[in-house]
Amino acid sequence: MRAHPAPSSACLRTLAGLGMVLCAVALGGCATYTDRLHEVRTAFYAGDMAGAEAAIEKHLKRGGPEADVLKLERSIVELCDGRPQDAERTLREVRDRLDYLEQADAGEQALSMVTDDRVRGYAGEDYEKVLVRALLALANLMHDGSDAGAYGLQVTRKQEEIIEKGADESGENPKLAYKRVALGAYIHGALQEESHLNYDDAARSWAKVCSWEPDFPEGRRDLDRAVHGQHSRPGNGVLYVFTLVGRGPYKEEAIELPSTVSLLIADRIISHNAEHTLPPNIAPIKVPVVVASPNRVRAVGVSVDGRPAGTTETITDVGNLAVAQYEAIYPQVIARAVVRRVVKKGIVYGVKEAVDADNHSLLNFALDAGGVLWEASESADTRCWGLLPDRIQVLRLELPAGEHRVGLHPAGAYSPLGPEHSATVTIEDGRNSYMLACFPDAQLVGRILTSRP
């Protein structure tokens, strides 16, 4: 039997170089954003604002492509901790960064094909790009309200832009199925109505709310009121109680089994017919999936001066929005993961071709083993805005001018879940006042914010 020739020095250098690269990739850290988010969410949901912020700052010091999404988490902590100006500043910074990161970076794209998507700058999911503007409007309302209307308009413009740019290479646009976020139009309508001059603009905004959130019970009454040109009765003002209700969606890593099996079959066919074998398809294809959190709290009951006044209603269902939008683009997520796997196999095949690996069994085996390790080193990109609520809700109350004690308590499907928390708010004749509170579960997290204490 003819012995195989010894590997050349070039072959050995290639093998050594590939081994070093694969080891670096494999040892690059297995922790995902989900692991880091767990620490932040645990502190936040326990009401430990200082602990949540400390955890965020600890991870921010590491730098890297997670910085922007960590700042999104920080904005929620700042807002709920009674620092709406800080939250607005942070949200504005991240909004501009996400807009910048929407531009394709050829270097990052190429690097992500030989590693995974965690190396790319995080431009945000579509619902996050819209909600950053909605939270900007809420944060601004809670300190001076001067820019809240503009932020509300940005919510509408951004979602229109996202949908318009949603067509893929085939010309199909899965984003046409996106549900619109009504919160921006709602805030804009409330501000236009308060002017006592722009009732037509208010009516147009309320009409959008009715169209985009047909199940929102107050939408039709808001529209009718604007059509008739009445903000409130003489001597009264209006209080808008906004609540961040429930624990919001997050991402976790999942195995895309059908794609893994399909790629395995393709591998075997190619290896059978090609000059060189491909690395065995042992490592599964990993993709991120959006998961809706289970929640007990359904709404927030509101009392005024000790008397029941109503219950907040959902103006934006963040959990359903996130899951539905991600399902619409999920085929694109899978396609990207499969392309990455094909690229890696192609690179290994190309190296085998270059070094004539079939004549060096040890080298051929090492390349196959290295290819498997390379593929197994992938992790799904689970970065997401993990402190978003499950729902953003609101209750509009017309109250006599003066000071009022407003109580809030979380409610389940059939009964209250926790104690009442209260704050004093000042109502001015013919003006709007605003209140904001966060109830991810049976306890208030942070403080109750009021625009006119």
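The values are calculated or read from the model by the stated rules, or taken from the named source; none is laboratory data. In this text, all values refer to a predicted model and were calculated from it rather than measured experimentally. Heads up, the Cβs are rebuilt from the backbone with ideal geometry, glycines too, and the neighbour counts pull from every protein chain shown.
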Would you check if there is a residue in the range 90-112 being at pLDDT below 95, small (Gly, Ala, Ser), part of a loop (DSSP other than H, G, I, E, B) and within 30 Å of Ala177 (Cβ to Cβ)? yes
Of a type in the set (S, T, N, Q), touching a residue at least 60 places away in the same chain (Cβ under 8 Å) and under 30 Å from Gln230 (Cβ atoms) - does that describe any residue in the range 381-401? yes
Number of positions in the range 420-453 that are of a type in the set (Ser, Thr, Tyr) and within 19 Å of Tyr45 (Cα to Cα): 0
Is one or more of the residues making up the range 9-28 modelled with pLDDT of 55 or more and of a type in the set (Gly, Ala, Ser)? no
Take Tyr178 and tell me if it is touching a residue at least 60 places away in the same chain (Cβ under 8 Å), crowded, with 22+ Cβ neighbours inside 10 Å and under 25 Å from the mean Cα position of the chain (by Cα). no
Residue match in the range 233-241 (condition: surrounded by 14 or more Cβ atoms within 10 Å (Cβ to Cβ), assigned to a helix (DSSP H, G or I) and not acidic (Asp, Glu)): no
From Gly370, Gly350, Gly346, grab the single residue that is among the small types (Gly, Ala, Ser), touching a Leu at 6+ places or on another chain (Cβ under 6 Å), assigned to a helix (DSSP H, G or I) and at pLDDT below 90. Gly370
Determine whether the range 382-390 contains at least one residue that is at pLDDT 95 or above, in contact with a Leu (Cβ under 8 Å, 6 or more places away or on another chain) and assigned to a strand (DSSP E or B). yes
Please go through (1) crowded, with 20+ Cβ neighbours inside 10 Å; (2) farther than 26 Å from Tyr434 by Cα; (3) out of contact with any Leu (no Cβ under 8 Å at 6 or more places or on another chain) for Leu70 and return the number of the only condition it doesn't satisfy. (3)
Which residue is farthest from Asp317 (Cα to Cα), if the candidates are limited to the range 403-418 and must be out of contact with any Gly (no Cβ under 9 Å at 6 or more places or on another chain) and touching a residue at least 24 places away in the same chain (Cβ under 8 Å)? Glu403
Out of everything in the range 290-340 that is part of a strand (DSSP E or B), free of Cβ contacts under 8 Å to residues at least 60 places away in the same chain and not basic (Lys, Arg), what residue ends up being nearest to Val245 (Cα to Cα)? Val291
Give the number of residues within the range 216-232 that are in contact (Cβ under 8 Å) with a residue 40 or more places away in the chain and either outside any loop (DSSP other than H, G, I, E, B) or in contact with a Gly (Cβ under 8 Å, 6 or more places away or on another chain) (or both). 3
Taking into account only those residues within the range 382-440 that are surrounded by 20 or more Cβ atoms within 10 Å (Cβ to Cβ) and among the β-branched types (Val, Ile, Thr), which is farthest from Cys80 (Cα to Cα)? Thr382
Looking only at the range 113-144, count every residue that is assigned to a helix (DSSP H, G or I) and either of a type outside the set (S, T, N, Q) or out of contact with any helix residue (DSSP H, G or I) (no Cβ under 8 Å at 6 or more places or on another chain) (or both) and tell me the total. 20
For the range 198-226, which residues satisfy the criterion of being of a type in the set (A, V, I, L, M) and over 14 Å from Val238 (Cβ atoms)? Ala203, Ala207, Val209, Leu223
